[in-house]
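Data first, discussion second: the structure below is written as structure tokens.
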Amino acid sequence: MLIAGVDEAGRGCVIGPLVIAGILIKKENLPALKQLGVKDSKLLTAKKREIMLPQILSLAENYHIIKLQPSEIDHVVDSGRKLHKLNRLEAETMAQIINQLKPDEAQVDAADVLEERFKHHIQERLTAKTIITSKHKADRIYPAVSAASIIAKVHRDNEIAAIATQHGDFGTGYLHDPKTMTFLKKWLRNNGEYPEFVRKSWKPAKKARSDNNTTQKTLV
């Protein structure tokens, strides 16, 4: 029996892509995966995640990653209710990954407050005959989802590191980080508009742009 675990990294971040990863593993290899110490990627250090990644992949039959860029996220957020639209996008992307991996069962970390609704949104896009298990905090319940969480986080961290190398330190990329907000405001002052790696639809990002435009008009 083949099991897939699917999870994401970077959902709430204002900078960089939302990375969704899926891993395919034989059911009999799940104990070995658990022995590696896989868990919710946020509970592991970056160094530990990097060390574990090749060990995880050595146990996998296959894996698949999709990176949703800020422009794709902005499109769905601006076209309707933010969380509802983003949840649908995430469910549809997870379905793409499951269709690619073709597991007997897929365990997913539910992004929707309603686990069953998230499950149905995935099922709507399935071409593979797969049992879907949709749970909140699935990355703390199922080893396969924990492994997918680690894969997604390592790839997302690499994307963020590449942006920081090119454009300078912007902190965590989350809006609660003062360094991130300072970076965004400075970028707007110098350039007038956000770069392509920023999610322009996030409310604090919109407010910062509006405040910057007001300031510029006042100066003129």
- Cα to Cα, under 15 Å, and not fewer than 8 places away if on the same chain: which aspartates and glutamates meet these conditions relative to Lys206? Asp74, Asp78, Glu193, Glu196
- Item | For the stretch 1-156, size of Cβ-based charge dipole, Lys and Arg +1, Asp and Glu -1, in debye | 360 debye
- Item | Reachable aspartates and glutamates from Lys27, criterion Cα separation under 13 angstrom, eight or more residues apart if same chain | Glu61, Asp104, Glu105
- Query: Can you give me the relative contact order of the stretch 114-220 as a percent, contacts being Cα pairs under 8 Å and 6 or more apart?
  - Reply: 13 percent
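Sorting Leu101, Leu57 by accessible area (1.4 Å probe), largest first, what list results? List each step's numbers first, then the result.
Working: Leu101 10, Leu57 55 Å².
My answer, sorted largest first, is Leu57, Leu101.
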- Message: Nearest 10 degrees is fine. How inclined is helix 203-219 to the longest principal axis of the chain, computing both from alpha carbons?
- Response: 10 degrees
- Query: Measuring from a point 7 Å past the Cα of Ile141 along Cα-to-C-beta, which residues in the stretch 1-26 have an amide N at less than 13 Å?
  - Reply: 6
- Message: At 0.36 nm per residue, and after removing the present C-alpha to C-alpha distance, how many nm does the segment from Lys203 to Tyr174 gain when stretched out fully?
- Response: 9.2 nm
- Message: Taking R0 as 35 Å, what FRET efficiency do you get between Lys48 and Arg117 from their Cβ-Cβ distance, rounded to the nearest 0.05?
- Response: 0.55
- Query: Among the lysines, which have Cα under 17 Å from the Cα of Lys47 when same-chain residues fewer than 8 positions away are ignored?
  - Reply: Lys39, Lys153
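Please list, by residue number, every one of the GluC sites (Glu not before Pro) in the stretch 89-146 that is coil in DSSP and has at most 14 other beta-carbon atoms within 10 Å.
For GluC sites (Glu not before Pro) across the stretch 89-146 that sit outside H, G, I, E and B with at most 14 neighbouring Cβ atoms in 10 Å, the list reads Glu124.
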- Item | the stretch 54-142, relative contact order in percent, only Cα pairs under 8 angstrom and at least six apart counted | 27 percent
- Task: Please sort 36-48, 137-149 by packing, taking for each peptide the average over its residues of neighbouring beta carbons within 10 angstrom, highest first.
- Result: 137-149, 36-48
- Rounded to one decimal in nm, the spacing of the 7 Å Cα→Cβ label points at Asp104 and Ser210 is 5.4 nm
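Working with all protein chains in place, sort Arg117, Arg49, Arg88, Arg125 by solvent-accessible area computed with a 1.4 Å probe, largest first.
Values: Arg117 95, Arg49 15, Arg88 65, Arg125 120 Å².
Largest accessible area first, the residues go Arg125, Arg117, Arg88, Arg49.
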- Of every hundred units of 1.4 Å-probe accessible area on the stretch 1-95, the number belonging to carbon and sulfur atoms, as a percent, is 52 percent
- Averaged per residue, what accessible surface does the stretch 61-112 expose to a 1.4 Å probe, in Å²? 44 Å²
- Accessible-area ranking of Ile51, Ile151, largest first, probe 1.4 Å: Ile51, Ile151
- Only helices counted: for the chain, with every DSSP H run of 4 or more residues adding -39500 (n - 2.57) and the sum spread over all residues, [θ] at 222 nm is -17000 deg cm²/dmol
- Using Cα pairs closer than 8 Å and at least 6 residues apart in sequence, work out the relative contact order for the chain, in percent. 30 percent
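For a 29 Å ceiling on Cα separation, which of these pairs sit above it: Lys67/Lys129; Lys42/Lys119; Lys102/Lys203?
Lys102/Lys203
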- Query: Tell me, what is the 1.4 Å probe accessible area of His136, in Å² to the nearest 10?
  - Reply: 70 Å²
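The values are calculated or read from the model by the stated rules, or taken from the named source; none is laboratory data. Computed from a prediction, not measured in an experiment: that's the story for all the values here. Counting neighbours? That spans all protein chains shown, and the Cβs are built from the backbone with ideal geometry, glycine included. Please note that ligands, DNA and RNA were not included when accessible areas were found on the heavy atoms of the full protein model with its side chains. Shrake-Rupley method; radii C 1.70, N 1.55, O 1.52, S 1.80 Å.
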